[in-house]
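The structure appears right after this line, and notes come after that.
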Amino acid sequence: MSHEPRFRNRDQKNTAMKITQILLLSAFFLSTAVNAVAQENRGVEETGHIKWRREVYRYLDLTKERNAALYHPTEPGQGGRNLFTLIFKLLAEEKIVAYEYLDGKELFTDEYKIDFKELLDRFGIGHELTNGKPVVDEEDIPSHDIQGYYLKELYSFDTGTSNYRVRPIAISPILFRQGEYEPQTVRYPLFWVPYDQLRPYLLRTPVMSSSLNNALSGTIDDFFIMREYDGEIYKSSNPRNLAISQYTSTPEELKAEQERIKKELNDFERMLWQGGSDSTRMVPQRKKRGGTTTMRNRRY
């Protein structure tokens, strides 16, 4: 006995076939989308297919309006907690690990893990010892003194999945303190935290994403993944491992170099979607300059 459906005419049969095709295609694309989201959430990266990657370092100034969501609230009792308070408590509870801030490199190995008590002593953060472990009152967490972050980003293109990604790799809180012998404020990068360690907690931490429309909200992870921050580029990975300020001589040169790197990143993404060329082989065009380049210490 045949189980095929009966159709009154050929048009009905064709319509049914089209509906079936649409349903099959929808199921395929839904499955693909779910797998892509799952891979994103796991942070999986097929390094064997990565044909282009670039590491970029940004400075996030928390006095800027677009970054204010990471700074407020700075005091307990104001509702919620800011990013540094979250990081600080996770460190105190030994739920995440932070690594020493080294000038010019990030080494996330056991040798460079920070000692939480030593960090408190070094920066004069009040605490008491309970059963040999330091305990810090929420009022003593210096959230209001953390007025900036360094953010390390990875730009990559996976030829296996045709997936272009920009994702945060690590973040470093910057403590602003009045210099002991200097009239100006001094910046102290405290440590590096790998973003993947923080992400499970950032996914559950709400943040107000707009001061114009308070109904617009999300999580701190959304804030980073959607790149809603305003970050000035201070370094892009290079063979000599130099910050921009170390191979430019004037503020004008520094600004021009930042704009050049920004344009290269934008051009690469644009060329990917235009097609017709292999943008993974794109060679940056540098302007020729006469004279020697003045070396300067890295600017914080």
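Quick notes
- Qualifying residue in region 234-255 (condition: open to solvent by less than 20 Å² (accessible area, probe 1.4 Å) and either under 30 Å from LYS95 (Cβ atoms) or part of a strand (DSSP E or B) (or both)): yes
- Listed conditions (1) among the charged types (D, E, K, R); (2) surrounded by fewer than 17 Cβ atoms within 10 Å (Cβ to Cβ); (3) free of Cβ contacts under 8 Å to residues at least 40 places away in the same chain are all met by ASP145, apart from (2).
- Selection count where residues are at pLDDT 95 or above, among the polar types (S, T, N, Q) and within 22 Å of the chain's Cα centre (by Cα), scope region 248-300: 1
Here's the yes/no breakdown for (1) aliphatic (A, V, I, L, M); (2) at pLDDT below 95; (3) over 27 Å from ILE50 (Cα atoms):
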| position | (1), (2), (3) |
| --- | --- |
| PHE116 | no, no, yes |
| GLU128 | no, yes, yes |
| THR161 | no, yes, no |
| ARG165 | no, yes, no |
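- Enumeration of residues in region 107-124 that are open to solvent by less than 50 Å² (accessible area, probe 1.4 Å) and in a helix (DSSP H, G or I): PHE116, LEU119, LEU120
- Inspection of region 81-94 finds no residue satisfying the criterion of being touching an Asp or Glu at 6+ places or on another chain (Cβ under 8 Å), closer than 22 Å to ILE171 by Cα and not in a helix (DSSP H, G or I).
- Scope region 95-106; condition at pLDDT 95 or above and either closer than 15 Å to VAL135 by Cα or open to solvent by 60 Å² or more (accessible area, probe 1.4 Å) (or both); matching residues: LYS95
- If you go through region 125-162 and pick out every residue that is not basic (Lys, Arg) and not in a loop (DSSP other than H, G, I, E, B), you end up with 23.
- Lone qualifier among GLY77, GLY48 - being open to solvent by less than 80 Å² (accessible area, probe 1.4 Å) and at pLDDT below 95: GLY48
- Among the residues making up region 88-117, those that are of a type in the set (Asp, Glu) and more than 20 Å from ILE141 (Cα to Cα) are ASP103, GLU106, ASP110, GLU111.
- Criterion applied to ARG187, ARG165 was being surrounded by fewer than 17 Cβ atoms within 10 Å (Cβ to Cβ) and touching a Ser or Thr at 6+ places or on another chain (Cβ under 6 Å), and the one residue passing it is ARG165.
- Hey, VAL193 touching a strand residue (DSSP E or B) at 6+ places or on another chain (Cβ under 8 Å), farther than 30 Å from ASP267 by Cβ, buried (at least 19 other Cβ atoms within 10 Å of the Cβ) and modelled with pLDDT under 95 or not: no
- Selection of region 96-108 for residues being free of Cβ contacts under 8 Å to residues at least 24 places away in the same chain and farther than 11 Å from PRO194 by Cα yields only LEU102.
The values are calculated or read from the model by the stated rules, or taken from the named source; none is laboratory data. Keep in mind the model is a prediction, meaning the values are calculated, not measured. As a convention, Cβ positions derive from the backbone with ideal geometry for all residues, glycine included, and neighbour counts pool all protein chains shown. For accessibility, only protein heavy atoms count, side chains too; no ligands or nucleic acids. Shrake-Rupley method; radii C 1.70, N 1.55, O 1.52, S 1.80 Å.
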